[in-house]
Amino acid sequence: MRHTTRRLLTGAALVLAAGTGLGMAPGAAYAGGLPATVDVSSTLKTRSAPSTTAAIVGTVKDGAKISIACAVNGTTVRGKVRTTKVWDKLTSGAYISHSYVRTSAKIPACPPAAQKPKTPAAPRTVTGTVRTTDGPVNTRSGPFTSYATAGTLANNTVVQLVCSAPGTQVTGTVRTTTQWDRLSDGRYISHAYMLSGTLTACPDAPAPVLTPAEFIAAAAPGAQQGWRDYGVPPSVTIAQSILESGWGRSGLSSADKNFFGIKCQNGAYGPHATGCHVYTTTECTKAGKCFQTADAFRTYSTMARSFRDHGHFLKVNKRYAPAFAHTRDADKFIEQIWKAGYATDPKYVAKVTGIMKTYDLYRYDTWK
């Protein structure tokens, strides 16, 4: 940041950073104190802070020798030596206006006062009442019916609600809605069974946990676009994403929509990613020795962008070139990718082709 400075030339040479206090970094003088002399008609009040309204903590007489620790901006004072907003902090901890001080030393700026950590405010809650004619209502760990059941609530149960999130549409006793309400204990209940006031949106609502069929349906468009752009068989792309992201449940895929673990290269993230996110990962050598390291992984705005980048990544890396002689044979394509060093798992090809066969992913290979 560029700072504008001005120099006060009456008496001491004191450098001020405009609007932000004194612009010199505190030096060794802060600890030992700098010598100065008070020039006042009679006596000068010392105060607890750099302001004429601060409490008076003592006085110093004209001609008194003082020891200054540092200086800071405060109330502007018109004194015997100069008119200035600079106040000197004495080594005793008291403050006096620099308008009554003579010294040839450059006074360093006082370091900024330590900020007390703010105690986060307790979340505002809204009282809600469960209304159900369907028996006890399931609560879940997330705002989708695909999340695990986390208990039940009976009719007329009064609860405290924190926020709302979109999720699975539910038809309940009160209404049909996609809104889910987060309870004060972190569980979610469908708003279809709730009477309550208006809730604010949850800023950190979890993403849905997709079933295999839902995941494949969501993956297909991006995988097929990757085929059209770069020639990678869609069945291969979908199967690899299932294996490497655990059906989208990995932290990398749920947080950053990275379904293949593609890393940034020296800060570069290609045409489809939005940036890089550094994670601590575990790497293993061929000898089986594992160690922790930090790596930057690509982040994406959508699932489809991650799938298209998978095709781009394979296409631009020359070591995978032999695979592109088999763009219409998914089984041979993944075998060549593995041989080129995409994965060290000796069963990698069998795992990928097994997923392709089990879920009939070949149907998404659009050349057929």
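Go through the range 246-278 and give me each residue that's more than 20 Å from the chain's Cα centre (by Cα), under 17 Å from VAL316 (Cα atoms) and of a type in the set (Phe, Trp, Tyr).
PHE260
Within the range 55-86, track down each residue that is without any contact (Cβ under 8 Å) to a residue 40 or more places away in the chain, closer than 16 Å to LEU34 by Cα and under 48 Å from the mean Cα position of the chain (by Cα).
Matches in the range 55-86: SER67, ILE68.
Hey, could you check the range 96-128 for residues that are β-branched (Val, Ile, Thr), surrounded by 14 or more Cβ atoms within 10 Å (Cβ to Cβ) and closer than 30 Å to LEU161 by Cα and say which is modelled with the lowest pLDDT?
My answer is THR125.
Restricting the search to the range 146-167, which residues are open to solvent by less than 40 Å² (accessible area, probe 1.4 Å) and within 22 Å of GLY248 (Cβ to Cβ)?
Residues satisfying the conditions are ALA165, GLY167.
Residues in the range 312-320: is at least one farther than 24 Å from ALA219 by Cα and open to solvent by 40 Å² or more (accessible area, probe 1.4 Å)?
Within the range 312-320 (the criterion being farther than 24 Å from ALA219 by Cα and open to solvent by 40 Å² or more (accessible area, probe 1.4 Å)), the answer is yes, since at least one residue qualifies.
For ARG7, indicate whether it is at pLDDT below 50, surrounded by fewer than 11 Cβ atoms within 10 Å (Cβ to Cβ) and within 21 Å of LYS80 (Cβ to Cβ).
Yes.
Any chance you could count how many residues in the range 292-307 are open to solvent by less than 60 Å² (accessible area, probe 1.4 Å), in a helix (DSSP H, G or I) and in contact with a Ser or Thr (Cβ under 9 Å, 6 or more places away or on another chain)?
The number of residues fulfilling the criteria is 3.
Of the conditions (1) at pLDDT below 85; (2) touching an Asp or Glu at 6+ places or on another chain (Cβ under 7 Å), SER164 fails just one. Which one is it?
(1)
Take the range 191-213 and flag every residue that is buried (at least 17 other Cβ atoms within 10 Å of the Cβ), touching a residue at least 40 places away in the same chain (Cβ under 8 Å) and either assigned to a strand (DSSP E or B) or not aliphatic (A, V, I, L, M) (or both).
TYR193, MET194, SER196, CYS202, PRO208
Among the residues of the range 216-266, what is the count of those that are on the phi > 0 side of the Ramachandran plot and buried (at least 18 other Cβ atoms within 10 Å of the Cβ)?
3
The values are calculated or read from the model by the stated rules, or taken from the named source; none is laboratory data. Since the structure is predicted, the reported quantities are computational estimates derived from the model, not experimental observations. Every residue, glycine among them, receives a Cβ derived from its backbone with ideal geometry; neighbour counts consider all protein chains shown. In case anyone asks, the SASA skips ligands and DNA or RNA and just uses the protein heavy atoms, side chains included. Shrake-Rupley method; radii C 1.70, N 1.55, O 1.52, S 1.80 Å.
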